[in-house]
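One structure below.
The values are calculated or read from the model by the stated rules, or taken from the named source; none is laboratory data. Since the structure is predicted, the reported quantities are computational estimates derived from the model, not experimental observations. Glycine also receives a Cβ, built like all others from the backbone with ideal geometry; neighbour counts cover every protein chain displayed. Heavy atoms of the whole protein, side chains included, go into the accessibility calculation; ligands, DNA and RNA do not. Shrake-Rupley method; radii C 1.70, N 1.55, O 1.52, S 1.80 Å.
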Amino acid sequence: MADGRLAGRVAVITGGASGIGKATAELFAKEGAKVVIGDLATSAGAKVAEKMGAVFFPTDVSKSEDVDALVKTATDKYGRLDVMFNNAGIGIGSPLLGTTAEDYYRTIRIDLDGVYWGLQAAGKVMVAAGRGAIVNTASVAGLIGSTGLSAYNAAKHGVVGLTRNAALEFAPFGVRVNCICPGVIETPLVMDNFAVVEGARKMLDAMHPLGRMGQPQEVAKAVLFLASDDASFVTGHALAVDGGMMAGLGAGNAFNQ
Ligand SMILES: NC(=O)c1ccc[n+]([C@@H]2O[C@H](COP(=O)([O-])OP(=O)(O)OC[C@H]3O[C@@H](n4cnc5c(N)ncnc54)[C@H](O)[C@@H]3O)[C@@H](O)[C@H]2O)c1
């Protein structure tokens, strides 16, 4: 059996073709896990999976039947499921008065419903087995307001709430549920949106007291902690991985001068 903090464990990761999900899949594989990646991006996902010896299953997390089939792929192949990382997501700018119904529902279906279906699909297997750890990707936008991101904000607040609810419902069965709340992380989701904005990098860096954006690998380490036995007494927690953003006024505070 491979060494590592996830040796012998089976982990399903949604949104594993890119960014935070990809970095987490790489770290999990390095830590000994058998990884199954589900993503809408089929060719990128298949390539990422092949490189690390993981399994890829084409998945649209907004469809419960896809998420069920993804989890079944893992249990059919490996006979167990130890870790579920409900991470797939999109970010669409959505000021409250300027959001189309289409953008609103698309955001909710992927960013919130996708986590719901992941909790159900993995929860059924884990509750029956009497063990397991689920990590959801929320955001700092799930803890505080964020101008221009109303649909995303609603979805991510929902993810934090769902995390707590699932933690309570699954705790009697030995299944832990937590979420991570990243600040701005340098991934395609962010960089593709902001590539056209002049001075974007400087602005995004300055939003964090630590003075820079985070890297997907830094988030992956927090996910590994929550997914592993190192977090055996941690459940229902929303862990900010945000360079100090949630600590309070700091970056950009006029009283700082
Ligand atoms: N990058 C950030 O600053 C940041 C901050 C806070 C939270 N997050 C969250 O982290 C998660 C990962 O984002 P990222 O920054 O790594 O973005 P990313 O765009 O690099 O990766 C997201 C992945 O999700 C996949 N995906 C999108 N819709 C899907 C669907 N319907 N079904 C299955 N897969 C789908 C994409 O194909 C992609 O591979 C998201 O939930 C995002 O909201 C990101």
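Taking amide H as placed 1.01 Å from N in the peptide plane, the amide H of Ala33 sits under 5 Å from that of Leu6, each at least 5 places away or on another chain.
Just so you know, the Cα atoms of the chain work out to an Rg and Dmax of 17.6, 59 Å. For the range 176-182, 3J(HN,Hα) computed residue by residue from phi via the Karplus equation (6.51, -1.76, 1.60; θ = phi - 60°) reads 9, 9, 9, 9, 10, 10, x Hz, glycine and proline entered as x. Ranked by the mean number of other Cβ atoms within 10 Å of their residues, highest first, the peptides 128-141, 146-159 fall in the order 128-141, 146-159. Annotation: per residue accessible area for the chain equals 48 Å², rounded to a whole number [probe 1.4 Å, protein chains only]. Principal-axis analysis of the Cα atoms of the chain puts helix 42-52 at an angle of about 70° to the longest axis.
The overall shape of the range 25-156, judged from the alpha-carbon gyration tensor, is prolate: a/c is not under 1.5, and a/b is greater than b/c. Helix 150-170 and the long axis of the chain differ in direction by around 40°, with both axes built from C-alpha atoms. Based on DSSP H segments of at least four residues, each scored -39500 (n - 2.57), the chain has a per-residue ellipticity at 222 nm of -13000 deg cm²/dmol.
Pull out a ≥ b ≥ c, the square roots of the eigenvalues of the alpha-carbon gyration tensor of the range 139-181, then state rounded if a/c is under 1.5, prolate if not and a/b is larger than b/c, and oblate in the remaining case. In terms of gyration-tensor shape, prolate. About the centre of its Cα atoms, the chain shows a dipole size close to 400 debye [charges on the beta carbon of Lys, Arg (+1) and Asp, Glu (-1) only; nearest 20 debye]. The share of accessible area on the chain that comes from carbon and sulfur is 56 percent, using a 1.4 angstrom probe. Note on surface exposure: Thr107, Thr75 rank Thr75, Thr107 by accessible area, highest first, 1.4 Å probe. When the C-alpha to C-alpha distance is required to be over 26 Å, the pairs from Lys77/Lys156; Lys77/Lys124; Lys30/Lys202; Lys51/Lys202; Lys47/Lys156 that qualify are Lys77/Lys156; Lys30/Lys202; Lys51/Lys202; Lys47/Lys156. Find how many whole Å separate the alpha carbon centroid of the range 195-219 from the alpha carbon centroid of the range 81-140. One Cα centre to the other: 24 Å. In this Cβ point-charge picture (+1 for Lys and Arg, -1 for Asp and Glu), the range 1-91 has a dipole of about 220 debye about its Cα centre.
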